[in-house]
1. Output the residues belonging to the range 11-51 that are part of a loop (DSSP other than H, G, I, E, B), free of Cβ contacts under 8 Å to residues at least 60 places away in the same chain and in contact with a helix residue (DSSP H, G or I) (Cβ under 8 Å, 6 or more places away or on another chain).
2. Could you please find all residues in the range 34-55 being out of contact with any His (no Cβ under 8 Å at 6 or more places or on another chain) and surrounded by 18 or more Cβ atoms within 10 Å (Cβ to Cβ)?
3. Just the residues that are within 17 Å of Leu60 (Cα to Cα) and not aliphatic (A, V, I, L, M), please, taken from the range 30-44.
4. Only residues that are over 14 Å from Leu76 (Cβ atoms) and of a type outside the set (Asp, Glu): list them for the range 44-60, please.
5. When the range 21-51 is examined, which residues are found to be more than 14 Å from Gln10 (Cβ to Cβ) and polar (S, T, N, Q)?
6. Restricting attention to the range 52-73, which residues are in contact with a strand residue (DSSP E or B) (Cβ under 9 Å, 6 or more places away or on another chain) and closer than 17 Å to Val15 by Cβ?
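Only the coordinates and a few stated rules stand behind these numbers; no lab work does. None of these values were measured; they are calculated from a predicted model. Virtual Cβ from ideal backbone geometry, glycine too; neighbours counted across all protein chains shown.
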Amino acid sequence: MPALSACCVQVLLQVCGRAHSLPQVYMALDALAAASPPSWSLDLISGLPGLTVEGWGHSLREAVRAQPHHISIYDLQVRARHSLLLPSRSALMLRAQGPPPLASGGGGHAVQPVAR
């Protein structure tokens, strides 16, 4: 992953209030690969503030590369007065760095299969 993409993903995690970092995500995936559980799944959230088409594509490719048995994609649903609705310094940085975010209609996005 290019450094700029990694930086943007880390900022996106922070904007969304996630407790984990990007390196921790990859460490967890490595641990799963080493443990070889009989079945595991990976959840992704679409429609995050600041998520670009490029970033979403990267997330999908990385999810497929991890080879989970199942991938679930949930569309972000934000309640009124949630902190994601309030502009933060990180969110403003994300908006200034790239193309406009993906539009979220609340019902999910059509996803094309990614070749392995």
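1. Kept after step one, since they are part of a loop (DSSP other than H, G, I, E, B), are these residues of the range 11-51: 16-21, 36-40, 47-51.
After this cut, where a residue has to be free of Cβ contacts under 8 Å to residues at least 60 places away in the same chain as well, the list is 18-21, 36-40, 48-51.
Residues satisfying the conditions are His20, Ser21, Trp40, Leu48, Pro49, Gly50, Leu51.
2. Leu48, Pro49, Gly50, Leu51, Thr52, Gly55
3. Residues satisfying the conditions are Trp40, Ser41, Asp43.
4. Thr52, Val53, Gly57, His58, Leu60
5. Ser36, Ser39, Ser41, Ser46
6. The answer is Trp56, Ser59.
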